[in-house]
């Protein structure tokens, strides 16, 4: 949680480089996703919303349960783009594109994830493949 508090302070200070913060956040999130998904609960609030392939899941516990059920790991981050969003909360909107890998298989799938800095709103969509997931237009 201390990590997030420091990241929030830096996001509120416009003199900090938002691209560096967004990249650090994305790497932290993906590493935690791969190593200990239960620890991601600290990044969410009860009002947080996850949209995954059209399913809407609300609340930290429900989101972590959904994330724990996903049969893939993040494999590689291609790009991280971000922008400040308007007060009163301030913070960053982060878009990450990369590759996920289905557990136990060599198949890799491109993925795009968009989240607000506080992860109060989070949307993740993956391209259609043997994962059985699809992109909604």
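All of the numbers you see were taken from the coordinates with simple rules; none came from a lab. These numbers were taken from a predicted model, which means no experiment stands behind them. As a convention, Cβ positions derive from the backbone with ideal geometry for all residues, glycine included, and neighbour counts pool all protein chains shown.
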Next item on the list: With a point put 7 Å past each Cα toward its Cβ, work out how far residue 116 is from residue 76 in nm, to one decimal.
Entry: 3.3
Check: Which FRET efficiency value, to the nearest 0.05, do you get for residue 97 and residue 17 by plugging their Cβ-Cβ distance into 1/(1 + (r/R0)^6) with R0 = 22 Å?
Finding: 0.65
Note to self: As a footprinting exposure proxy, order 49, 21 by other Cβ within 10 Å, with the fewest listed first.
What the structure shows: 49, 21
Checklist line | Distance between modelled label sites at residue 27 and residue 62, nm, 7 Å Cα→Cβ extension | finding: 3.4
Notebook entry, point to check: Suppose R0 equals 25 Å; then what is the FRET efficiency for residue 84 and residue 106 from their Cβ-Cβ distance, rounded to the nearest 0.05?
Noted result: 0.05
